Amino acid sequence: FPFLPLHSQILCLVIMLFSTNIVAQSQQDNRTNFSCPSDSPASCETYVPYIAQSPNFLSLTNISNIFDTSPLSIARASNLEPMDDKLVKDQVLLVPVTCGCTGNRSFANISYEINQGDSFYFVATTSYENLTNWRAVMDLNPVLSPNKLPIGIQVVFPLFCKCPSKNQLDKEIKYLITYVWKPGDNVSLVSDKFGASPEDIMSENNYGQNFTAANNLPVLIPVTRLPVLARSPSDGRKGGIRLPVIIGISLGCTLLVLVLAVLLVYVYCLKMKTLNRSASSAETADKLLSGVSGYVSKPTMYETDAIMEATMNLSEQCKIGESVYKA
């Protein structure tokens, strides 16, 4: 900078050294090697775990949009029903990505549309949950300002990933899953979560047995098969609610059928009793009419109940002939 004053030259030199030191130090923080192995395939399908977060990423549709994939592919990999678009906070998903070499580094290059308030750092840490970092994004998009991004433009965000080497494939390691290490994690816990060997995790990432330095950084988890994620607590609650409802409906339907059956039997018996009483009354009326037909030419008709009451139920005391009674 010969055209600048001496004190300005010194200041620029200090800033350059400081920036270089920060970049070098931050690159050394991640001890996982994401370079392209010479004996690995040019590209491969792999997976990255993703944690559902509110408010914008509690649906498969929204998450699939930022990963440029389909909700169905995430649902299949994550042991979810295809129609279960609603997620719960902190639910873990497996998102399929295509990994390949960009220069000498392995990335899954994802196209992302810039929204209001986005920056390289914000999108890398929030939307992509540290699966990439702002330096890698800036290296891939050198003409863009990291903090002044035009709304609506498409920016490529490189997610760290890696394809298995030939040696790993020979050991039946099918995937190197990119996982962002959490502060509460340890090797045993992570190996159980993904069904991976603790030795394979330690050999693939240069942290030894203590991964404290890996907090919030991407690491590689070698697995022989895709892990089966546990369903979210909400699924259990939905199952727990559904079973009592089904039992209650079944019992209610059974009880209703029994009540209807008893009611039908009661109505039938009541009807038969009424018919029997009507037949008996008609028979009594016929007897009475036949008995008095010889005495009157046009008998007066009375209700059976009135006749029975007037003759004290055809009592012998009221009888004045073979079939004649006084009332």
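R0 = 22 Å: FRET efficiency of Asp192 with Asn216, Cβ-based, nearest 0.05? The pair Asp192/Asn216 has a calculated efficiency of 0.60. Across the options Val48, Val219, Gly152, the greatest Cα extent toward the positive end of the charge dipole of the range 29-223 (unit charges at beta carbon of Lys, Arg, Asp, Glu) belongs to Gly152. With r defined as the distance between the Cβ atoms of Tyr302 and Glu322 and R0 fixed at 22 Å, what FRET efficiency is calculated, to the nearest 0.05? Efficiency at R0 = 22 Å is approximately 0.65. Straight-line reach from Lys271: taking Cα to Cα under 15 Å and skipping same-chain neighbours fewer than 8 places apart, no aspartates and glutamates fall in range. Multiplying the residue separation of Ser54 and Asp85 by 0.36 nm and removing their Cα-Cα distance gives an extension gain of 9.8 nm. Measuring r between the beta carbons of Asn65 and Met272 and using R0 = 51 Å, the FRET efficiency lands at 0.10. Averaged over residues, the count of other Cβ atoms within 10 Å places the peptides 314-320, 116-122 in the sequence 116-122, 314-320, highest first. A 1.4 Å probe, protein heavy atoms only, puts the accessible area of Arg135 near 50 Å². Normalised per residue, the accessible area of the range 139-210 is 53 Å², obtained with a 1.4 Å probe and no contribution from ligands, DNA or RNA. Listed by chain and number, the aspartates and glutamates placed with their C-alpha closer than 12 angstrom to that of Lys326 are Glu309, Glu316; residues fewer than eight positions away on the same chain are left out.
The values are calculated or read from the model by the stated rules, or taken from the named source; none is laboratory data. Computed from a predicted model, the values in this text were never measured in an experiment. We place every Cβ from the backbone using ideal geometry, glycine too, and count neighbours over all the protein chains shown. The area values use the complete protein model at the heavy-atom level, side chains included, leaving out ligands, DNA and RNA. Shrake-Rupley method; radii C 1.70, N 1.55, O 1.52, S 1.80 Å.
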